[in-house]
Amino acid sequence: MINVNNVTLRYGKRALFEDANIKFTPGNCYGLIGANGAGKSTFLKILSGEIEPNTGEVSITPGERMAVLKQNHYEFDEIEVLKTVMMGHARLFKIMEEKDALYAKAEFSEEDGMRAAELEGEFQDLDGWQAESDAAELLIGLGIPTSVHDTKMKDLDGNEKVRVLLAQALFGNPNILLLDEPTNHLNLESIRWLENFLSRFEGTVIVVSHDRHFLNQVCTHIADIDFSKIQMYVGNYDWWYESSQLALRLARDANKKTDEKRKELEAFIARFSANASKSKQATSRKKQLEKLTLEDIKPSSRKYPFINFKSEREAGKQLLAVENLSKTIDGVKVLNNLTFTINKGDKIAFVGPDGIAKTTFFKIVMGEMEADEGSYSWGITTSQAYFPKDSQDYFNSEMNLVDWLRQYSKDQDESFLRGFLGRMLFSGEEALKKANVLSGGEKVRCMFSKMMLSGSNVLILDEPTNHLDLESITALNNGLVDFDGTILFVSHDHQFIQTIANRVMEITPSGLIDKMVTYDEYLENEDVKKQRETMYV
């Protein structure tokens, strides 16, 4: 168990946390949420002892072992992959090293023998004989094949290193897990594996994530950092979001009578009581709901951008025809004889483990890259707006954001442009920021402004949720659900795909799997599972 007592952390006059008091208990998974800059990662560092608060203290039950997802991807470059994972259990790894050093001695004394016996006993108590197989199992579950387990970390790419460091945090059954963005760089299969792992984990988990489906699947509680306080809610992310939106509506409707508000609260409680997402949180949530009052429902200070795509003209029935399209990059055939037609109203999620294949396809149909073979043709009534995976080239400019957006607008009036930027949370002086100093999330929001101004009837988005906070992801998700045109998109966000797509395409080494289904239906479809087995051989 972790006890946080009267913790305050200030940077100058700004208080990130003011007299925070909160308990994290075993058997629960806590989603730590808050607006960008609220201090989520900083709070994890306070819990792990990396940062000292100005006042207050953090205490952990004696004898409990804490594991933290490392953020330095180069720390273990000279160490083998399997060994890096086992280093996650510091005591076990130290015993292994000391044992090896003793047995490697040319002359083995009686004293050495006694020490070795002590180490062997502790080694067995810590399940040391299972260590290598347990570490290998974690790696395989996270998509790291056995062929690289004995290679050095420096030989892995960035995505693979992140997975190894996640395996390191999970290794050895720690009592407490602190995970900062654990789903970053994981494919959907690895995310599902992690969800299953955490649902079985019996210790305490505290996680920061921008993946709403992941938070809904694993969290029994939400710890919300807002107004320099940390408020605990029993339930998952959807429960917190819906209750905060209800609180906002009730607060805005000052004229509504108390009994009317109470009825709305009761209806909300009834809906969520009947829809517990995880069995182990159902009972505690129901108890909390029964005690809930209007005063307990608090509106959030979060600001959501307003994302609303409107097409200027209606597209015809056939939007895009692709015929025998193939492309080889660096000797690898990433697109293999693709043939299909995209029709009006299709909202297509492109899925699968090969991100290069999906990005390559988007670049080809947007005219940024040429195919080796085959062809494609857009319908004459179509207009496309493109969100590339890397938008840096759009922002190598000293222009302020008003002038930057003016490049893409028919209406050159400054008040009109500021209105569009205001929807993306760039108001007042924020709209005069220079394009080349924007953060990753700010660049993404500017790209959405550009796309909204285009009035296109086809949207092509390559991982648009990267760099976004939960509020912007929610706003984008809602905007794309409401869009009446056609969408082609790539995402690793399960909820994003499930709520938007009515068609799923998977580009495989042997060709295409194409199904007119939702994403959840696609994952459970037996025909798809059989196809995947043959197409990834």
* Structure fact -> Selection over region 70-98 where residues are over 28 Å from the mean Cα position of the chain (by Cα), part of a helix (DSSP H, G or I) and touching a residue at least 12 places away in the same chain (Cβ under 8 Å) yields a count of 5
* Asked: Between residues in region 183-201 that are in the same structural domain as residue 529 (by the TED database) and closer than 18 Å to residue 522 by Cβ and residues that are at pLDDT below 85 and in a helix (DSSP H, G or I), which pairs lie under 6 Å by C-beta distance while being six or more apart or on different chains?
  -> none
* Structure fact -> Heads up, the strands (runs of 3 or more DSSP E) in region 341-398 (entirely inside) with at least 1 residues that are under 25 Å from residue 329 (Cα atoms) and at pLDDT below 95 are 347-351
* To do: Would you mind finding the one in 72, 54, 36 that is in contact with a Lys or Arg (Cβ under 6 Å, 6 or more places away or on another chain) and open to solvent by 40 Å² or more (accessible area, probe 1.4 Å)?
  => 54
* To do: Could you grab me the full set of residues in region 486-509 that are open to solvent by 10 Å² or more (accessible area, probe 1.4 Å), at pLDDT 95 or above and assigned to a loop (DSSP other than H, G, I, E, B)?
  => 502
* Asked: Where residues in region 413-446 are in contact (Cβ under 8 Å) with a residue 60 or more places away in the chain, in a helix (DSSP H, G or I) and in contact with a Phe, Trp or Tyr (Cβ under 8 Å, 6 or more places away or on another chain), which of them is most open to solvent (accessible area, probe 1.4 Å)?
  -> 423
* To do: Taking the residues in region 334-355 that are among the charged types (D, E, K, R) and closer than 18 Å to residue 376 by Cα as candidates, determine which candidate is least open to solvent (accessible area, probe 1.4 Å).
  => 346
* Asked: Within region 191-214, restricting attention to residues that are out of contact with any Lys or Arg (no Cβ under 8 Å at 6 or more places or on another chain) and of a type in the set (Gly, Ala, Ser), which residue is farthest from residue 472 (Cα to Cα)?
  -> 203
* Go through the residues of region 170-186 one by one and say whether even a single one is surrounded by fewer than 21 Cβ atoms within 10 Å (Cβ to Cβ) and assigned to a helix (DSSP H, G or I). => no
* Considering only residues that are under 19 Å from the mean Cα position of the chain (by Cα) and surrounded by 15 or more Cβ atoms within 10 Å (Cβ to Cβ), look in region 142-158 and name the one that is modelled with the highest pLDDT. => 142
* To do: Please tell me if residue 455 is out of contact with any Leu (no Cβ under 7 Å at 6 or more places or on another chain), in the same structural domain as residue 358 (by the TED database) and either of a type in the set (Asp, Glu) or open to solvent by less than 20 Å² (accessible area, probe 1.4 Å) (or both).
  => yes
* Asked: Looking at region 220-250, which of its residues are of a type outside the set (Val, Ile, Thr), open to solvent by 20 Å² or more (accessible area, probe 1.4 Å) and over 16 Å from residue 301 (Cβ atoms)?
  -> 221, 232, 238, 242
* **Subset of region 367-397 (residues that are hydrophobic (A, V, I, L, M, F, W, C), closer than 29 Å to residue 532 by Cβ and surrounded by 16 or more Cβ atoms within 10 Å (Cβ to Cβ))** => 371, 387
* Asked: Out of all the residues in region 278-299, is one or more part of a loop (DSSP other than H, G, I, E, B), under 30 Å from the mean Cα position of the chain (by Cα), under 30 Å from residue 222 (Cβ atoms) and modelled with pLDDT under 65?
  -> yes
* **Flag for residue 271 being assigned to a helix (DSSP H, G or I), at pLDDT below 95 and either in contact with an Asp or Glu (Cβ under 7 Å, 6 or more places away or on another chain) or of a type outside the set (Phe, Trp, Tyr) (or both)** => yes
* Inspect region 127-134 for any residue being of a type in the set (S, T, N, Q), under 36 Å from the mean Cα position of the chain (by Cα) and open to solvent by 70 Å² or more (accessible area, probe 1.4 Å) and give the result as yes or no. => yes
* Structure fact -> Taking region 33-59 and keeping only residues that are aliphatic (A, V, I, L, M) and either part of a loop (DSSP other than H, G, I, E, B) or over 15 Å from residue 69 (Cα atoms) (or both), one is left with 33, 35, 38, 51, 58
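The values are calculated or read from the model by the stated rules, or taken from the named source; none is laboratory data. Being a predicted model, the structure only gives us computed values, none of them experimental. Neighbour counts run over all protein chains shown; Cβ positions are idealised from the backbone, glycine included. The area values use the complete protein model at the heavy-atom level, side chains included, leaving out ligands, DNA and RNA. Shrake-Rupley method; radii C 1.70, N 1.55, O 1.52, S 1.80 Å.
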